[in-house]
Amino acid sequence: MGRRPVAALTRLLLLPLVVGACATTTTVETRSGNVYEAHTVGGSPGSVYLANKSLGRFSVRREDVADVDFPGNVQILGGLALSAFGGWRLVSGDTQCSGFGDIGNCMVNVVPSIAGLLIALWGTYVYVRARSAFEDRAKPEPDQVMKPRPAGGPFPGWRKPDPFADPRP
């Protein structure tokens with residue numbers, strides 16, 4: 001096997017990793033045109049809780065969400081394409097792995113299938129995790145309707161409930 005096919009195969013193996021390396025954040029577009037790149041933390045019946053480095057933790061009303069792009073779909077497609085390529089190499093290629101000297105030939109034929117499968121599994125995990133966090137409605141609303149307080153201010157020891165706290169202590 002020459003140097004050029006190995007370099008081409010290396011680029012092919014790294015392409016899905018490079019394209020989807022930072023794709024663990026959900027892209028949420030609101031009806032007002034705002035676009036947020038953030039991790040999905042959870043949700044309540046009326047809101048979705050998101051977190052990113054620039055804004056910290058924040059919520060977006062579900063009725064204001066216009067479009068959602070969940071992470072992981074690029075890894076799934078790239079991994080499946082790489083697995084298909086590896087499967088094609090295994091079916092049509094010369095896969096003689098009888099001796100220790102044939103290890104390079106075996107690697108060229110087997111690694112794309114294994115790498116593609118692992119990338120597709122990682123993409124599926126990220127996608128399912130973000131999707132289930134987005135669909136989560138178990139946490140309390142961030143701005144609950146409360147009875148009006150006296151004009152003197154909040155009562156001693158009173159705190160607004162944390163919408164990001166785990167509802168099951």
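The values are calculated or read from the model by the stated rules, or taken from the named source; none is laboratory data. Values in this document were obtained by computation on a predicted structure and should not be read as measured data. Positions of Cβ are generated from backbone atoms using ideal geometry, with glycine treated the same way; all protein chains shown enter the neighbour counts.
For region 78-132, how many residues are of a type in the set (Phe, Trp, Tyr), exposed (fewer than 15 other Cβ atoms within 10 Å of the Cβ) and modelled with pLDDT of 80 or more?
Going through region 78-132 one residue at a time, the tally reaches 2.
Given the conditions (1) under 13 Å from ARG131 (Cβ atoms); (2) polar (S, T, N, Q); (3) in contact with an Asp or Glu (Cβ under 9 Å, 6 or more places away or on another chain); (4) surrounded by fewer than 20 Cβ atoms within 10 Å (Cβ to Cβ), report the number of the one that SER32 does not fulfil.
Unmet condition: (1).
Answer yes or no: is there a residue in region 10-25 that is touching a Leu at 6+ places or on another chain (Cβ under 8 Å), closer than 30 Å to ILE114 by Cβ, surrounded by 18 or more Cβ atoms within 10 Å (Cβ to Cβ) and at pLDDT 85 or above.
No, every residue in region 10-25 fails to be touching a Leu at 6+ places or on another chain (Cβ under 8 Å), closer than 30 Å to ILE114 by Cβ, surrounded by 18 or more Cβ atoms within 10 Å (Cβ to Cβ) and at pLDDT 85 or above.
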